[in-house]
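Visitor: Let me give you the structure first, and then I'll get to my questions.
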Amino acid sequence: MKKLNALLFSSLTLIAFTGLAGPLQASDHRNGSVPENDPIADLADLYAFVDPHCQTVGGQGCEADPIELIVALTLNPDATGAEQFSEDVVYHFYFENDAGEDSQIDCSFSAGQVVTCAGMGGLSVSARVGEVGVNGNIRVYAGLRDDPFSWDFEAQERFESMGIFAYTDPGTDSLAGSNVLSIVIGIKISAMSGGTVPNHNVQKIWAASERIAGDGINGAISGSWYNPDQNGQGWVIEVGGSTSSGPQFLSYFYGYDNNGEQLWLISGFAIIDGTTVTAQVYRTSGIGFGGAFDPESFVLGDVIGSMTFVFETCDSGTVTFTSADPDILADFGTEITRITNIHSLDCSLLTAGQVDRVGRAIVSNLIPEDMRNAYNSNSDPDTWDAAYNATILASLEILGLANGQPGYQGFYTQQEWADIFADDRLQIDIKKAQSVDYMTIERSMIEGLDYEDSSGRALDYDIHENLFNVLITSFDPFVDDFVDGNDVPFLTEFPFLAPPH
(Lines give C-alpha, C1' and ligand atoms only; values in the text may rest on other atoms or scores of the structure.)
Protein backbone atom coordinates (compact mmCIF):
# COMPACT_ATOMS: atom_id res chain seq x y z
CA MET A 1 0.00 0.00 0.00
CA LYS A 2 2.88 2.36 0.74
CA LYS A 3 4.22 1.93 -2.77
CA LEU A 4 0.76 2.39 -4.31
CA ASN A 5 0.16 5.59 -2.34
CA ALA A 6 3.60 6.82 -3.30
CA LEU A 7 2.88 6.04 -6.93
CA LEU A 8 -0.37 7.99 -6.88
CA PHE A 9 1.20 10.93 -5.07
CA SER A 10 4.11 10.93 -7.48
CA SER A 11 1.79 10.86 -10.49
CA LEU A 12 -0.04 13.95 -9.36
CA THR A 13 3.09 15.90 -8.56
CA LEU A 14 4.89 14.94 -11.76
CA ILE A 15 1.93 16.02 -13.86
CA ALA A 16 2.24 19.38 -12.14
CA PHE A 17 5.99 19.39 -12.75
CA THR A 18 5.52 18.67 -16.45
CA GLY A 19 3.14 21.60 -16.73
CA LEU A 20 5.57 23.91 -14.97
CA ALA A 21 8.87 23.19 -16.62
CA GLY A 22 8.30 20.86 -19.54
CA PRO A 23 9.85 17.43 -20.06
CA LEU A 24 12.84 16.78 -17.83
CA GLN A 25 15.85 15.80 -19.91
CA ALA A 26 18.89 16.39 -17.65
CA SER A 27 20.73 17.83 -20.65
CA ASP A 28 20.29 20.73 -23.03
CA HIS A 29 19.28 18.80 -26.16
CA ARG A 30 16.71 20.85 -28.11
CA ASN A 31 15.83 23.03 -25.18
CA GLY A 32 13.97 26.00 -26.64
CA SER A 33 12.30 26.82 -29.94
CA VAL A 34 15.02 29.25 -31.08
CA PRO A 35 17.92 26.77 -30.82
CA GLU A 36 15.72 24.01 -32.22
CA ASN A 37 15.26 26.18 -35.30
CA ASP A 38 19.04 26.74 -35.56
CA PRO A 39 20.59 23.26 -35.14
CA ILE A 40 24.20 24.32 -35.69
CA ALA A 41 23.81 26.68 -32.70
CA ASP A 42 21.76 24.22 -30.59
CA LEU A 43 24.01 23.24 -27.68
CA ALA A 44 23.64 19.82 -26.06
CA ASP A 45 26.08 19.35 -23.16
CA LEU A 46 29.18 20.88 -21.59
CA TYR A 47 31.93 18.80 -19.99
CA ALA A 48 34.98 19.95 -18.03
CA PHE A 49 37.60 17.63 -16.51
CA VAL A 50 41.32 17.47 -15.80
CA ASP A 51 44.05 14.99 -16.79
CA PRO A 52 41.92 11.94 -17.57
CA HIS A 53 45.04 9.97 -18.54
CA CYS A 54 46.12 10.32 -14.91
CA GLN A 55 43.10 8.48 -13.54
CA THR A 56 43.56 5.00 -12.11
CA VAL A 57 41.05 2.17 -12.17
CA GLY A 58 38.25 3.15 -9.82
CA GLY A 59 38.77 6.87 -10.44
CA GLN A 60 41.08 7.54 -7.52
CA GLY A 61 43.25 9.94 -9.47
CA CYS A 62 47.02 10.22 -9.12
CA GLU A 63 49.53 12.06 -6.98
CA ALA A 64 50.87 14.26 -9.78
CA ASP A 65 49.32 17.71 -10.19
CA PRO A 66 47.00 18.03 -13.19
CA ILE A 67 48.55 19.76 -16.17
CA GLU A 68 45.63 20.31 -18.54
CA LEU A 69 41.97 21.27 -18.41
CA ILE A 70 39.72 19.66 -21.00
CA VAL A 71 36.50 21.45 -21.97
CA ALA A 72 34.18 19.67 -24.41
CA LEU A 73 31.06 21.18 -25.94
CA THR A 74 28.55 19.06 -27.87
CA LEU A 75 25.97 20.54 -30.23
CA ASN A 76 23.57 19.79 -33.06
CA PRO A 77 21.88 16.72 -31.49
CA ASP A 78 21.40 13.75 -33.83
CA ALA A 79 23.96 15.10 -36.29
CA THR A 80 24.26 12.87 -39.35
CA GLY A 81 27.69 13.81 -40.66
CA ALA A 82 26.30 15.87 -43.52
CA GLU A 83 26.17 18.99 -41.34
CA GLN A 84 29.00 21.50 -41.40
CA PHE A 85 29.95 24.19 -38.95
CA SER A 86 28.83 27.66 -40.00
CA GLU A 87 31.03 30.71 -40.41
CA ASP A 88 28.05 32.70 -39.10
CA VAL A 89 28.10 31.08 -35.65
CA VAL A 90 30.75 31.64 -32.93
CA TYR A 91 31.07 29.43 -29.85
CA HIS A 92 32.15 31.13 -26.64
CA PHE A 93 33.76 29.42 -23.64
CA TYR A 94 33.63 31.60 -20.52
CA PHE A 95 35.81 31.20 -17.42
CA GLU A 96 35.82 32.94 -14.02
CA ASN A 97 38.26 32.09 -11.23
CA ASP A 98 37.54 32.46 -7.52
CA ALA A 99 39.08 35.95 -7.59
CA GLY A 100 36.29 37.02 -9.93
CA GLU A 101 38.64 37.39 -12.92
CA ASP A 102 36.98 36.66 -16.25
CA SER A 103 38.47 35.21 -19.41
CA GLN A 104 37.12 33.53 -22.51
CA ILE A 105 38.01 31.52 -25.59
CA ASP A 106 36.06 32.03 -28.80
CA CYS A 107 35.90 29.37 -31.52
CA SER A 108 34.87 30.28 -35.06
CA PHE A 109 34.86 28.43 -38.38
CA SER A 110 35.81 29.35 -41.92
CA ALA A 111 33.83 28.40 -44.99
CA GLY A 112 36.57 25.85 -45.64
CA GLN A 113 35.82 24.14 -42.29
CA VAL A 114 38.85 25.32 -40.35
CA VAL A 115 38.26 26.05 -36.66
CA THR A 116 40.18 28.79 -34.86
CA CYS A 117 39.97 29.15 -31.07
CA ALA A 118 41.54 32.21 -29.46
CA GLY A 119 41.50 34.22 -26.25
CA MET A 120 42.58 33.82 -22.60
CA GLY A 121 45.79 35.79 -22.56
CA GLY A 122 46.74 35.36 -26.21
CA LEU A 123 46.11 31.63 -26.68
CA SER A 124 45.31 30.70 -30.28
CA VAL A 125 45.07 27.47 -32.25
CA SER A 126 43.58 26.33 -35.56
CA ALA A 127 42.79 22.97 -37.13
CA ARG A 128 40.78 21.50 -39.95
CA VAL A 129 37.50 19.95 -38.84
CA GLY A 130 38.15 16.32 -37.94
CA GLU A 131 41.80 16.93 -37.04
CA VAL A 132 43.64 17.93 -33.85
CA GLY A 133 45.47 21.26 -33.77
CA VAL A 134 48.14 22.12 -31.20
CA ASN A 135 49.81 25.45 -30.54
CA GLY A 136 51.78 25.90 -27.31
CA ASN A 137 49.45 25.83 -24.32
CA ILE A 138 46.23 25.06 -26.19
CA ARG A 139 44.91 22.35 -28.50
CA VAL A 140 41.58 21.85 -30.26
CA TYR A 141 39.46 19.30 -32.05
CA ALA A 142 36.17 19.99 -33.82
CA GLY A 143 34.09 17.41 -35.62
CA LEU A 144 31.50 14.65 -35.50
CA ARG A 145 31.58 12.37 -32.45
CA ASP A 146 29.37 9.92 -30.58
CA ASP A 147 26.93 11.66 -28.23
CA PRO A 148 28.41 10.99 -24.76
CA PHE A 149 25.10 11.59 -22.99
CA SER A 150 22.95 8.60 -21.96
CA TRP A 151 19.23 8.68 -21.29
CA ASP A 152 16.22 6.33 -21.29
CA PHE A 153 13.49 8.31 -23.04
CA GLU A 154 10.79 5.69 -22.47
CA ALA A 155 11.48 5.73 -18.73
CA GLN A 156 11.44 9.52 -18.91
CA GLU A 157 7.94 9.42 -20.36
CA ARG A 158 6.84 7.02 -17.62
CA PHE A 159 8.51 9.25 -15.03
CA GLU A 160 6.11 12.06 -15.83
CA SER A 161 3.25 9.87 -14.57
CA MET A 162 4.98 7.37 -12.27
CA GLY A 163 7.83 9.25 -10.62
CA ILE A 164 10.85 7.26 -9.48
CA PHE A 165 9.02 3.97 -10.08
CA ALA A 166 9.34 4.54 -13.83
CA TYR A 167 12.81 2.99 -13.99
CA THR A 168 13.09 -0.70 -14.69
CA ASP A 169 15.96 -3.13 -15.23
CA PRO A 170 17.24 -3.28 -17.89
CA GLY A 171 17.22 0.35 -18.95
CA THR A 172 17.56 1.49 -22.55
CA ASP A 173 20.03 4.10 -23.69
CA SER A 174 17.85 5.99 -26.14
CA LEU A 175 20.84 7.96 -27.40
CA ALA A 176 22.87 4.88 -28.30
CA GLY A 177 24.02 5.29 -31.87
CA SER A 178 23.46 9.06 -31.87
CA ASN A 179 26.09 11.54 -32.97
CA VAL A 180 26.74 15.20 -32.19
CA LEU A 181 29.08 17.83 -33.48
CA SER A 182 31.70 18.70 -30.89
CA ILE A 183 34.36 21.24 -29.99
CA VAL A 184 37.02 20.02 -27.55
CA ILE A 185 39.74 22.31 -26.26
CA GLY A 186 42.66 21.47 -23.98
CA ILE A 187 44.29 24.29 -21.99
CA LYS A 188 47.50 23.93 -20.03
CA ILE A 189 46.68 24.82 -16.45
CA SER A 190 49.88 26.85 -16.21
CA ALA A 191 48.36 29.22 -18.78
CA MET A 192 45.23 29.86 -16.70
CA SER A 193 44.80 32.57 -14.09
CA GLY A 194 45.28 31.44 -10.50
CA GLY A 195 42.82 31.58 -7.65
CA THR A 196 43.12 33.09 -4.20
CA VAL A 197 42.63 29.98 -2.02
CA PRO A 198 45.77 27.90 -1.25
CA ASN A 199 45.84 24.51 -3.01
CA HIS A 200 42.70 25.39 -4.96
CA ASN A 201 41.85 27.06 -8.26
CA VAL A 202 38.11 26.90 -8.87
CA GLN A 203 36.97 27.89 -12.33
CA LYS A 204 33.33 28.56 -13.20
CA ILE A 205 32.75 27.58 -16.83
CA TRP A 206 29.87 27.97 -19.25
CA ALA A 207 29.48 28.07 -23.02
CA ALA A 208 27.26 29.89 -25.48
CA SER A 209 26.55 29.95 -29.19
CA GLU A 210 26.20 33.28 -30.95
CA ARG A 211 24.90 33.82 -34.46
CA ILE A 212 26.76 36.79 -35.89
CA ALA A 213 24.70 36.97 -39.09
CA GLY A 214 21.16 36.00 -39.98
CA ASP A 215 18.42 37.14 -42.33
CA GLY A 216 15.64 37.09 -39.76
CA ILE A 217 12.20 37.49 -41.33
CA ASN A 218 12.37 37.23 -45.11
CA GLY A 219 10.23 36.21 -48.07
CA ALA A 220 10.49 32.53 -47.26
CA ILE A 221 8.13 32.95 -44.30
CA SER A 222 5.29 34.09 -46.61
CA GLY A 223 2.16 31.96 -46.73
CA SER A 224 -1.19 31.28 -45.10
CA TRP A 225 -1.35 31.06 -41.30
CA TYR A 226 -4.08 30.10 -38.87
CA ASN A 227 -4.91 28.47 -35.54
CA PRO A 228 -6.28 24.96 -36.18
CA ASP A 229 -8.61 25.37 -33.19
CA GLN A 230 -10.07 28.54 -34.76
CA ASN A 231 -10.64 27.32 -38.30
CA GLY A 232 -12.50 30.00 -40.29
CA GLN A 233 -10.19 32.89 -39.60
CA GLY A 234 -6.54 33.39 -40.42
CA TRP A 235 -3.83 35.46 -42.03
CA VAL A 236 -2.12 35.72 -45.37
CA ILE A 237 1.42 37.03 -44.87
CA GLU A 238 3.70 38.40 -47.56
CA VAL A 239 7.29 39.53 -47.07
CA GLY A 240 8.52 41.30 -50.16
CA GLY A 241 10.97 43.82 -51.59
CA SER A 242 13.49 45.47 -49.34
CA THR A 243 13.43 49.08 -48.20
CA SER A 244 16.10 51.13 -46.46
CA SER A 245 14.82 49.76 -43.14
CA GLY A 246 14.53 46.12 -44.26
CA PRO A 247 12.00 43.90 -46.06
CA GLN A 248 8.38 44.93 -46.49
CA PHE A 249 5.84 43.06 -44.37
CA LEU A 250 2.20 42.86 -45.40
CA SER A 251 -0.57 40.85 -43.74
CA TYR A 252 -4.26 40.30 -44.44
CA PHE A 253 -6.64 39.04 -41.79
CA TYR A 254 -9.88 37.30 -42.75
CA GLY A 255 -12.50 36.51 -40.12
CA TYR A 256 -15.52 38.01 -38.40
CA ASP A 257 -16.26 41.02 -36.23
CA ASN A 258 -18.12 41.09 -32.88
CA ASN A 259 -21.45 41.05 -34.73
CA GLY A 260 -20.60 37.98 -36.78
CA GLU A 261 -20.11 39.98 -39.98
CA GLN A 262 -17.30 39.06 -42.32
CA LEU A 263 -14.17 41.08 -41.63
CA TRP A 264 -11.11 41.88 -43.76
CA LEU A 265 -8.17 43.72 -42.21
CA ILE A 266 -5.00 44.85 -43.93
CA SER A 267 -1.74 45.88 -42.29
CA GLY A 268 0.01 49.10 -43.16
CA PHE A 269 3.31 50.38 -41.84
CA ALA A 270 5.14 47.49 -40.16
CA ILE A 271 8.16 47.50 -37.84
CA ILE A 272 10.33 44.37 -38.08
CA ASP A 273 12.57 43.61 -35.13
CA GLY A 274 14.35 40.27 -35.56
CA THR A 275 11.56 37.71 -35.53
CA THR A 276 8.90 40.13 -34.28
CA VAL A 277 6.68 42.41 -36.39
CA THR A 278 4.27 45.07 -35.20
CA ALA A 279 1.94 46.43 -37.88
CA GLN A 280 -0.81 49.02 -37.92
CA VAL A 281 -4.12 47.53 -39.08
CA TYR A 282 -6.89 49.09 -41.19
CA ARG A 283 -10.44 48.03 -41.94
CA THR A 284 -11.45 48.67 -45.54
CA SER A 285 -14.87 49.36 -47.02
CA GLY A 286 -16.32 50.15 -50.44
CA ILE A 287 -19.12 49.39 -52.84
CA GLY A 288 -19.43 46.82 -55.61
CA PHE A 289 -18.18 43.37 -56.50
CA GLY A 290 -16.07 42.25 -59.42
CA GLY A 291 -16.75 44.42 -62.47
CA ALA A 292 -19.12 46.56 -60.42
CA PHE A 293 -16.38 47.61 -58.06
CA ASP A 294 -15.92 51.37 -57.96
CA PRO A 295 -12.34 52.35 -57.00
CA GLU A 296 -13.52 55.84 -56.15
CA SER A 297 -15.73 54.42 -53.38
CA PHE A 298 -12.93 52.48 -51.69
CA VAL A 299 -12.29 53.62 -48.10
CA LEU A 300 -9.14 52.60 -46.27
CA GLY A 301 -10.43 53.93 -42.97
CA ASP A 302 -8.63 54.88 -39.78
CA VAL A 303 -6.18 52.67 -37.90
CA ILE A 304 -8.36 50.14 -36.09
CA GLY A 305 -5.55 48.68 -34.01
CA SER A 306 -2.21 46.92 -34.32
CA MET A 307 -1.08 43.34 -34.72
CA THR A 308 2.16 41.98 -33.28
CA PHE A 309 3.50 38.80 -34.83
CA VAL A 310 6.15 36.79 -32.96
CA PHE A 311 7.58 33.96 -35.08
CA GLU A 312 9.18 31.17 -33.04
CA THR A 313 9.98 29.03 -36.09
CA CYS A 314 9.26 29.18 -39.80
CA ASP A 315 5.97 27.38 -39.15
CA SER A 316 4.82 28.56 -35.71
CA GLY A 317 4.32 31.76 -33.77
CA THR A 318 1.82 33.98 -32.03
CA VAL A 319 -0.18 37.05 -32.99
CA THR A 320 -1.64 39.66 -30.64
CA PHE A 321 -4.24 42.22 -31.72
CA THR A 322 -4.48 45.45 -29.74
CA SER A 323 -7.67 47.31 -30.60
CA ALA A 324 -7.92 51.06 -31.03
CA ASP A 325 -11.62 50.79 -30.15
CA PRO A 326 -12.55 47.71 -28.06
CA ASP A 327 -16.28 48.48 -28.64
CA ILE A 328 -15.76 47.69 -32.31
CA LEU A 329 -13.12 44.95 -32.13
CA ALA A 330 -11.90 43.31 -28.94
CA ASP A 331 -8.26 42.63 -28.09
CA PHE A 332 -7.17 39.05 -28.60
CA GLY A 333 -4.12 36.80 -28.95
CA THR A 334 -3.59 33.36 -30.41
CA GLU A 335 -1.00 30.87 -31.56
CA ILE A 336 -0.65 30.50 -35.32
CA THR A 337 0.63 27.76 -37.62
CA ARG A 338 1.69 28.06 -41.24
CA ILE A 339 -0.32 25.89 -43.66
CA THR A 340 1.11 27.02 -47.02
CA ASN A 341 4.49 28.23 -48.20
CA ILE A 342 6.12 29.44 -51.41
CA HIS A 343 7.52 26.57 -53.44
CA SER A 344 11.34 26.35 -53.63
CA LEU A 345 11.95 28.98 -50.92
CA ASP A 346 13.74 27.50 -47.89
CA CYS A 347 12.99 29.28 -44.64
CA SER A 348 15.54 29.67 -41.82
CA LEU A 349 14.29 32.60 -39.69
CA LEU A 350 17.74 33.07 -38.14
CA THR A 351 18.71 36.28 -36.36
CA ALA A 352 21.94 37.59 -34.92
CA GLY A 353 22.59 37.24 -31.19
CA GLN A 354 23.17 34.59 -28.54
CA VAL A 355 21.14 31.52 -29.47
CA ASP A 356 21.83 29.04 -26.68
CA ARG A 357 23.87 28.56 -23.51
CA VAL A 358 24.83 25.60 -21.38
CA GLY A 359 26.50 25.08 -18.03
CA ARG A 360 25.34 22.42 -15.58
CA ALA A 361 23.18 19.54 -16.67
CA ILE A 362 19.45 19.74 -15.85
CA VAL A 363 19.24 23.47 -15.03
CA SER A 364 17.56 24.63 -18.24
CA ASN A 365 14.95 21.91 -17.71
CA LEU A 366 13.90 23.65 -14.51
CA ILE A 367 12.90 26.68 -16.60
CA PRO A 368 9.34 26.70 -18.04
CA GLU A 369 9.22 26.34 -21.80
CA ASP A 370 7.83 29.84 -22.35
CA MET A 371 10.90 31.28 -20.60
CA ARG A 372 13.60 29.13 -22.20
CA ASN A 373 14.38 31.31 -25.21
CA ALA A 374 14.95 34.30 -22.95
CA TYR A 375 16.97 32.09 -20.60
CA ASN A 376 19.13 30.79 -23.44
CA SER A 377 19.81 34.29 -24.78
CA ASN A 378 20.77 35.80 -21.41
CA SER A 379 24.53 36.41 -21.60
CA ASP A 380 25.06 38.17 -18.25
CA PRO A 381 25.68 35.80 -15.29
CA ASP A 382 25.27 38.74 -12.89
CA THR A 383 21.56 38.83 -13.78
CA TRP A 384 20.82 35.11 -13.65
CA ASP A 385 20.08 34.81 -9.95
CA ALA A 386 17.51 37.60 -9.87
CA ALA A 387 15.90 36.43 -13.09
CA TYR A 388 15.63 32.67 -12.46
CA ASN A 389 16.16 31.75 -8.79
CA ALA A 390 12.47 31.83 -7.86
CA THR A 391 11.47 29.90 -10.99
CA ILE A 392 14.07 27.20 -10.37
CA LEU A 393 12.99 26.93 -6.72
CA ALA A 394 9.37 26.37 -7.76
CA SER A 395 10.42 23.56 -10.10
CA LEU A 396 12.61 21.96 -7.45
CA GLU A 397 9.77 22.02 -4.93
CA ILE A 398 7.59 19.98 -7.27
CA LEU A 399 10.41 17.72 -8.43
CA GLY A 400 11.28 16.95 -4.82
CA LEU A 401 7.90 15.27 -4.37
CA ALA A 402 8.58 12.68 -7.08
CA ASN A 403 9.65 10.10 -4.51
CA GLY A 404 6.02 9.78 -3.48
CA GLN A 405 6.51 11.31 -0.03
CA PRO A 406 5.05 14.64 1.10
CA GLY A 407 7.73 17.14 1.95
CA TYR A 408 11.24 17.42 0.62
CA GLN A 409 13.65 14.71 1.81
CA GLY A 410 16.95 16.18 0.58
CA PHE A 411 20.22 16.69 2.43
CA TYR A 412 20.23 20.39 1.54
CA THR A 413 17.36 22.85 1.34
CA GLN A 414 15.75 23.45 -2.01
CA GLN A 415 16.63 27.12 -1.67
CA GLU A 416 20.31 26.16 -1.38
CA TRP A 417 19.98 24.14 -4.59
CA ALA A 418 18.14 27.00 -6.31
CA ASP A 419 20.97 29.36 -5.35
CA ILE A 420 23.46 26.93 -6.91
CA PHE A 421 21.47 26.20 -10.06
CA ALA A 422 20.63 29.83 -10.77
CA ASP A 423 24.36 30.33 -11.34
CA ASP A 424 24.33 27.91 -14.27
CA ARG A 425 28.08 27.34 -14.58
CA LEU A 426 30.13 24.20 -14.09
CA GLN A 427 32.59 24.48 -11.21
CA ILE A 428 35.90 22.66 -11.42
CA ASP A 429 39.03 22.88 -9.28
CA ILE A 430 41.93 22.59 -11.70
CA LYS A 431 44.35 21.98 -8.82
CA LYS A 432 42.75 18.62 -8.04
CA ALA A 433 43.52 15.47 -10.02
CA GLN A 434 40.84 13.19 -8.54
CA SER A 435 37.51 13.19 -10.37
CA VAL A 436 34.87 10.81 -8.99
CA ASP A 437 31.70 12.76 -8.24
CA TYR A 438 29.42 15.53 -9.52
CA MET A 439 28.97 18.96 -7.85
CA THR A 440 31.42 18.14 -5.06
CA ILE A 441 32.53 21.76 -4.89
CA GLU A 442 29.00 23.12 -4.66
CA ARG A 443 28.01 20.69 -1.89
CA SER A 444 31.20 21.44 0.00
CA MET A 445 30.39 25.14 -0.16
CA ILE A 446 26.99 24.50 1.44
CA GLU A 447 28.55 22.38 4.18
CA GLY A 448 31.55 24.67 4.70
CA LEU A 449 33.94 21.74 4.24
CA ASP A 450 37.10 21.24 2.21
CA TYR A 451 37.24 18.72 -0.63
CA GLU A 452 39.75 16.80 -2.74
CA ASP A 453 37.67 16.15 -5.84
CA SER A 454 38.04 18.29 -8.96
CA SER A 455 34.32 17.82 -9.79
CA GLY A 456 33.37 19.61 -13.01
CA ARG A 457 31.71 17.09 -15.32
CA ALA A 458 33.57 14.08 -16.67
CA LEU A 459 32.30 12.22 -19.71
CA ASP A 460 31.36 9.13 -17.69
CA TYR A 461 29.45 10.86 -14.87
CA ASP A 462 25.96 9.35 -14.57
CA ILE A 463 24.29 12.74 -14.35
CA HIS A 464 20.76 11.38 -14.49
CA GLU A 465 21.22 8.97 -11.60
CA ASN A 466 23.32 11.38 -9.51
CA LEU A 467 20.94 14.32 -9.73
CA PHE A 468 17.79 12.30 -9.19
CA ASN A 469 19.20 10.76 -6.03
CA VAL A 470 20.40 14.11 -4.70
CA LEU A 471 17.34 16.15 -5.64
CA ILE A 472 14.52 13.66 -5.12
CA THR A 473 15.27 10.81 -2.74
CA SER A 474 18.54 11.64 -0.94
CA PHE A 475 19.48 8.06 -1.87
CA ASP A 476 16.56 6.57 0.11
CA PRO A 477 15.38 4.81 -1.92
CA PHE A 478 18.27 4.76 -4.35
CA VAL A 479 17.18 5.61 -7.90
CA ASP A 480 18.89 3.55 -10.58
CA ASP A 481 18.21 4.38 -14.22
CA PHE A 482 19.84 1.07 -15.24
CA VAL A 483 21.77 2.81 -18.02
CA ASP A 484 25.39 2.23 -17.10
CA GLY A 485 28.07 3.74 -19.24
CA ASN A 486 28.27 5.01 -22.78
CA ASP A 487 27.19 2.79 -25.67
CA VAL A 488 30.79 2.84 -27.01
CA PRO A 489 34.04 3.31 -25.04
CA PHE A 490 35.46 6.78 -24.67
CA LEU A 491 38.95 7.42 -25.97
CA THR A 492 41.80 7.57 -23.48
CA GLU A 493 43.52 10.37 -25.38
CA PHE A 494 42.48 13.72 -26.80
CA PRO A 495 39.74 14.47 -27.89
CA PHE A 496 38.38 11.74 -25.52
CA LEU A 497 34.86 11.63 -27.00
CA ALA A 498 34.15 8.33 -28.74
CA PRO A 499 34.32 8.19 -32.55
CA PRO A 500 31.06 8.77 -34.44
CA HIS A 501 28.72 6.00 -35.57
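The values are calculated or read from the model by the stated rules, or taken from the named source; none is laboratory data. Because the structure is predicted, anything quoted here is derived from the model rather than measured. So basically every Cβ, Gly included, is an ideal-geometry build from the backbone, and we count neighbours across all protein chains shown.
Visitor: Considering only residues that are among the hydroxyl-bearing types (S, T, Y) and either in contact with a Phe, Trp or Tyr (Cβ under 9 Å, 6 or more places away or on another chain) or within 22 Å of E465 (Cβ to Cβ) (or both), which ones fall in region 349-378?
Guide: Correct list: S364, Y375.
Visitor: Still on this model: Would you pick out the residues in region 256-294 that are within 13 Å of Q233 (Cβ to Cβ) and surrounded by 16 or more Cβ atoms within 10 Å (Cβ to Cβ)?
Guide: Those that are within 13 Å of Q233 (Cβ to Cβ) and surrounded by 16 or more Cβ atoms within 10 Å (Cβ to Cβ): L263, L265.
Visitor: Restricting attention to strands (runs of 3 or more DSSP E) lying wholly within region 251-370, give those where 3 or more residues are within 25 Å of S86 (Cα to Cα) and not small (G, A, S).
Guide: 303-313, 353-358
Visitor: Inside region 251-281, can you point out the residues that are farther than 20 Å from V310 by Cα and either among the hydroxyl-bearing types (S, T, Y) or within 34 Å of the chain's Cα centre (by Cα) (or both)?
Guide: Scanning region 251-281 gives a single hit, Y256.
Visitor: From the list G121, G143, G130, pick out the single residue that is under 23 Å from N486 (Cβ atoms), surrounded by fewer than 17 Cβ atoms within 10 Å (Cβ to Cβ), assigned by TED's automatic domain parsing to the domain that holds P170 and out of contact with any Lys or Arg (no Cβ under 6 Å at 6 or more places or on another chain).
Guide: One residue alone meets the criteria, G130.
Visitor: I would also like to ask the following. Would you point out which residue out of S161, S182, S103, S150 is outside any loop (DSSP other than H, G, I, E, B), surrounded by 22 or more Cβ atoms within 10 Å (Cβ to Cβ) and either in contact (Cβ under 8 Å) with a residue 40 or more places away in the chain or of a type in the set (A, V, I, L, M) (or both)?
Guide: Among S161, S182, S103, S150, only S182 is outside any loop (DSSP other than H, G, I, E, B), surrounded by 22 or more Cβ atoms within 10 Å (Cβ to Cβ) and either in contact (Cβ under 8 Å) with a residue 40 or more places away in the chain or of a type in the set (A, V, I, L, M) (or both).
Visitor: Pairs, please: C-beta under 9 Å, at least 6 apart or cross-chain, first residue under 17 Å from F321 (Cα atoms) and in region 270-294, second charged (D, E, K, R) and at pLDDT 90 or above?
Guide: That search, which allows pairs on different chains as well, returns nothing.
Visitor: Would you point out which residue out of S444, S474 is crowded, with 16+ Cβ neighbours inside 10 Å and modelled with pLDDT of 85 or more?
Guide: One residue alone meets the criteria, S444.
Visitor: Still on this model: For region 119-139, give me the residue count where each residue is farther than 18 Å from F490 by Cβ and either part of a strand (DSSP E or B) or among the acidic types (D, E) (or both).
Guide: The qualifying residues number 12.
Visitor: Within region 87-100, can you find the residues that are at pLDDT 95 or above and either crowded, with 19+ Cβ neighbours inside 10 Å or within 30 Å of N199 (Cβ to Cβ) (or both)?
Guide: Selection gives V89, Y91, H92, F93, Y94, F95, E96.
Visitor: I'd like the full set of residues that are within 17 Å of F321 (Cα to Cα) and assigned to a strand (DSSP E or B), limited to region 197-250.
Guide: Answer for region 197-250, where residues must be within 17 Å of F321 (Cα to Cα) and assigned to a strand (DSSP E or B): W225, Y226, G234, W235, V236, I237, F249, L250.
A quick yes/no check of all residues on (1) in contact (Cβ under 8 Å) with a residue 12 or more places away in the chain; (2) over 28 Å from S174 (Cβ atoms); (3) touching a strand residue (DSSP E or B) at 6+ places or on another chain (Cβ under 7 Å); (4) assigned by TED's automatic domain parsing to the domain that holds Y167:
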| site | (1), (2), (3), (4) |
| --- | --- |
| S395 | yes, no, no, yes |
| K432 | yes, yes, yes, yes |
| E452 | yes, yes, yes, yes |
| H464 | yes, no, no, yes |
| F490 | yes, no, no, no |
| F496 | yes, no, yes, no |
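Visitor: Condition check: surrounded by 14 or more Cβ atoms within 10 Å (Cβ to Cβ), modelled with pLDDT of 90 or more, within 22 Å of D215 (Cα to Cα) and of a type outside the set (G, A, S). Does T308 satisfy that?
Guide: It is true that T308 is surrounded by 14 or more Cβ atoms within 10 Å (Cβ to Cβ), modelled with pLDDT of 90 or more, within 22 Å of D215 (Cα to Cα) and of a type outside the set (G, A, S).
Visitor: Looking at region 405-441 only, could you name the residues that are at pLDDT 80 or above, touching a Phe, Trp or Tyr at 6+ places or on another chain (Cβ under 9 Å) and part of a loop (DSSP other than H, G, I, E, B)?
Guide: The answer is D423, D424, R425, K432, Y438.
Visitor: Considering P77, P23, which residue is modelled with pLDDT under 50 and either under 26 Å from L349 (Cα atoms) or in contact with a His (Cβ under 8 Å, 6 or more places away or on another chain) (or both)?
Guide: Unique residue meeting the criteria: P23.
Visitor: Any residue in region 131-147 that is under 26 Å from A433 (Cα atoms), of a type outside the set (D, E, K, R) and in contact (Cβ under 8 Å) with a residue 60 or more places away in the chain?
Guide: yes
Visitor: Filter region 83-100 for residues that are more than 19 Å from the chain's Cα centre (by Cα) and assigned to a strand (DSSP E or B); which is nearest to S182 (Cα to Cα)?
Guide: Per the stated criteria, the residue is F95.
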